[in-house]
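**Q** Would you mind keeping the following structure in view while I ask a few things?
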Amino acid sequence: MRFDVLTLFPAMFSALTEHGVSGRAHARGLWSLHAWNPRDVTEDVHRTVDDRPYGGGPGMVMLPDPLVKSVAAAQAEREAAGHGGAPVILLSPTGRRFDQRVAAELSVSAGAIFVCGRYEGVDQRFIDACVTDEWSLGDFVLSGGEIGALAMMDAAVRLLPGALNHGESARQDSFEPSLSGLLDCPHYTRPEVYAGVSVPEPLLSGHHARIARWRRDQSLRLTLARRPDLIEAARQGGLLTKDDERVLREAPGLGEV
Ligand SMILES: C[S@@+](CC[C@H](N)C(=O)[O-])C[C@H]1O[C@@H](n2cnc3c(N)ncnc32)[C@H](O)[C@@H]1O
């Protein structure tokens, strides 16, 4: 898998290529990252990549031309390397909300070209001409698209076969189909008693069915309390059993759902 990133701050991406799960996967050649700085294709002495907005107002807007040229350069190199046809993804608060389903789709693709906005954003004519998808990390505003691109790539890379030591662990995370799209349950490790608090008894029982039921119940209760929208989605998808519904009905203080 190959990712290309248009960014004014290429150094930020060592966070992904040099650390942790994504860093190990990068070192083993499971994925690669190529940064393109729009300043490198400018022709003026100041290497200008932004200008004031038409219509007035505060802030600056990224010029279309350095972005169009950088996308073209990335596409040409991808084509030559056999990774052509990749989506051009703009990180933007006005995009659709990124989630685990999109991460899973990305993880089985040949990669993508990410465009990291800065300032007030990018000229709309670049978006109209080159961008195929716009994704947002959530309902808040960051200073640039780099953290969004890092988050999207990290979420996809950890799903690559062989990226995690225990391949199964990614499949048991929050939002995954194996959890019916629910939130993950609480986890415990040694010591058995810490600060006077014991590990929940079912986890010590060695009884696989009891452990699985306890974990499922915890997932259901947590999801009901924090993300009732995910409970509703699981119900609509026919993913909740009669036992699940009973746990939800009996969840403390929440009554009918
Ligand atoms: C200061 S923001 C621009 C915000 C824009 N004027 C607006 O109000 O929608 C600069 C850049 O950060 C990135 N960005 C900010 N918030 C984001 C979010 N929630 N998700 C993804 N990217 C974001 C985008 O690339 C954006 O072009």
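The values are calculated or read from the model by the stated rules, or taken from the named source; none is laboratory data. In this text the structure is predicted, and so the values were computed from the model without any measurement. Here Cβ is always computed from backbone atoms with ideal geometry, including for glycine, and neighbour counts include all displayed protein chains. To get the accessible areas, we keep the full protein, side chains included, count just its heavy atoms, and leave off ligands, DNA and RNA. Shrake-Rupley method; radii C 1.70, N 1.55, O 1.52, S 1.80 Å.
**Q** Looking at (1) of a type in the set (Asp, Glu); (2) open to solvent by 60 Å² or more (accessible area, probe 1.4 Å); (3) in contact (Cβ under 8 Å) with a residue 12 or more places away in the chain, find the lone condition where Asp50 falls short.
**A** Just one mismatch for Asp50, condition (2).
**Q** If you don't mind, another one. In the set Ile211, Ile231, which member is outside the structural domain of Gly29 (by TED's automatic domain parsing), over 30 Å from Ser107 (Cα atoms) and surrounded by 13 or more Cβ atoms within 10 Å (Cβ to Cβ)?
**A** Ile211
**Q** Exactly one condition in (1) over 24 Å from Arg101 (Cα atoms); (2) open to solvent by 30 Å² or more (accessible area, probe 1.4 Å) is false for Pro161; which is it?
**A** (1)
**Q** Please work out which one of (1) open to solvent by 40 Å² or more (accessible area, probe 1.4 Å); (2) of a type in the set (A, V, I, L, M, F, W, C); (3) within 15 Å of the ligand (Cβ to nearest atom) is the condition Phe175 fails and give its number.
**A** (3)
**Q** With the requirement that a residue be open to solvent by 10 Å² or more (accessible area, probe 1.4 Å) and either modelled with pLDDT under 95 or away from the ligand (no atom under 16 Å from the Cβ) (or both), what does the stretch 145-158 give you? I'd like the intermediate steps shown before the answer.
**A** Just the residues of the stretch 145-158 that are open to solvent by 10 Å² or more (accessible area, probe 1.4 Å), to begin with: 147, 150-151, 154-155, 158.
The one that is open to solvent by 10 Å² or more (accessible area, probe 1.4 Å) and either modelled with pLDDT under 95 or away from the ligand (no atom under 16 Å from the Cβ) (or both): Arg158.
**Q** Of everything in the stretch 103-138, what is part of a helix (DSSP H, G or I), small (Gly, Ala, Ser) and open to solvent by less than 20 Å² (accessible area, probe 1.4 Å)? Give them in sequence order. Steps first, answer last, please.
**A** Narrowing the stretch 103-138 to residues part of a helix (DSSP H, G or I): 103-107, 124-130.
Next, from what is left, pick out any that are small (Gly, Ala, Ser): 103-104, 107, 129.
Selection gives Ala103, Ser107.
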